[in-house]
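> Below you'll find the structure I mean.
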Amino acid sequence: MAESTNISSSSLTTKSPSRSWAGLLVLILSPVLVSLLVYRLDDFDSAPYPDSALSLDTIFVPKHHGHVLNVTEKLGNGILSGPEDIAYDSESRVIYTGCSDGWIKRLMVTQSVSEVTVENWVHVGGRPLGLAFGLDKELIVAEPDKGLLKVTKDGEITLLTDEAEGLRFKLTDGVDIDQSGLIYFTDASYKYSVHDHVLDIFEGRPYGRLMSFDPSTKQTQYLEYWSAYSLLIFAMGEGVECITSKARKVGSVDNFVDSLPGYPDNIRYDGEGKFWIGLTSGRATAGDFILKNPMMRKIIVILSRYFDVPITQKDGGVIAVNLNGEVIGLYTDPGLAGVTGGVKIEEHLYYASLAASYIGRVNVTHTDNV
Ligand SMILES: *[C@@H]1O[C@H](CO)[C@@H](O)[C@H](O)[C@H]1NC(C)=O
Ligand SMILES: *[C@@H]1O[C@H](CO)[C@@H](O)[C@H](O)[C@H]1NC(C)=O
């Protein structure tokens, strides 16, 4: 036994020391080299966001309800799969929402949540996102892949537009309509589909567009490329749409509100001086770090080709902002993620979420007195 040990140890020492060092070095370095090669060869090319787009400060929030699920009533619980946007018809008191199963569903606003019944109204297919009523109460629907659709009161579906400037839409997302009936809408990305929208955010290039569609001339007009941050397309894009139609700011796009305490999505005006902005998730240090760091974004995208990379979202909710862009209320919960937007109807805030199977309702009367 002792002999054999000796032999093996002597055979070790007979090897050239430089060769074994080289072997060790290759052993250690090869995963690094392979990783570098994979990194260099991968054509995913993430770009930096401008500093101004990623402020690390957060805006002053005077009133924060941080456990909004405690006081949430759930409408259509278990029946609405990932409601994304809400359009409210105040005449009939009916809420319309687009679900992940391709249905536009509708429900009547009632005093008691237990009386709410959900109706499968029209199946547009795909994954309907933004919704807004046109002048004749037709429902304009942004379906990411198909484009901008019109659904008449009788449920007849027509395609209004699916391309501008020779580029087909790939992620038709937000929609709003001004008093003249002109439709403003966004294609959040002409490169990535709705299933890959995270890649659009991770790449950080201006693939999003704000456009208008004139129902009388059937003209689609491109208004603005969202300079370098399509992240803000989901976010500011829709917001400016809303501001465009309400405050007529077309052509002078500026930051209406930034440094939000979460990542914004749909924005809706309530006709009473407040914008209600969905926050898909609260701001996390890790999320901010990743967004600020294009190399990190690329590494995560490459890793995600081989492994499940979890993206944790929490503290989603809705923030209310006045016409000057000052926060007047924030409603979040650690258990809320993928919150896409909120609409104020009478005393309540109704909010929708990609991760929920209901529309949430919260009494926000006190916000009015701020
Ligand atoms: C709200 O819910 C959280 C977590 O479930 C709990 O810790 C908290 O005490 C609740 N607050 C109220 C006011 O019920
Ligand atoms: C909403 O809350 C206010 C008080 O904060 C209350 O007066 C009102 O009745 C509530 N509305 C509903 C519909 O529960």
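> Taking the range 156-190, which residues are among the aromatic types (Phe, Trp, Tyr) and under 15 Å from PRO215 (Cβ atoms)?
Matches in the range 156-190: TYR184, PHE185.
> Take LYS74 and tell me if it is more than 23 Å from VAL321 (Cα to Cα), more than 16 Å from ligand 2 (Cβ to nearest atom) and in contact (Cβ under 8 Å) with a residue 12 or more places away in the chain.
Against the criterion (more than 23 Å from VAL321 (Cα to Cα), more than 16 Å from ligand 2 (Cβ to nearest atom) and in contact (Cβ under 8 Å) with a residue 12 or more places away in the chain), LYS74 does not qualify.
> Identify, please: which residue in the range 320-345 is within 15 Å of ligand 1 (Cβ to nearest atom) and outside any strand (DSSP E or B) and is, among those, nearest to VAL61 (Cα to Cα)?
So the residue we want is PRO334.
> Next up: Name the residue that is nearest to ligand 1 (Cβ to nearest atom), counting only residues in the range 73-107 that are closer than 16 Å to GLU346 by Cβ, surrounded by 14 or more Cβ atoms within 10 Å (Cβ to Cβ) and more than 19 Å from the chain's Cα centre (by Cα).
GLU73
> A further question follows. For SER357, are the conditions met, namely being hydroxyl-bearing (Ser, Thr, Tyr) and either in contact with a strand residue (DSSP E or B) (Cβ under 9 Å, 6 or more places away or on another chain) or within 16 Å of ligand 2 (Cβ to nearest atom) (or both)?
Yes; evaluated as a whole, the condition is true for this residue.
> Go through the range 346-363 and give me each residue that's more than 16 Å from ligand 1 (Cβ to nearest atom) and hydrophobic (A, V, I, L, M, F, W, C).
LEU349, ALA352, LEU354, ALA355, ALA356, ILE359
Here, each number is a calculation from the coordinates, and none is a lab measurement. Remember, predicted model here, so these are calculated numbers, not experimental data. Neighbour counts run over all protein chains shown; Cβ positions are idealised from the backbone, glycine included.
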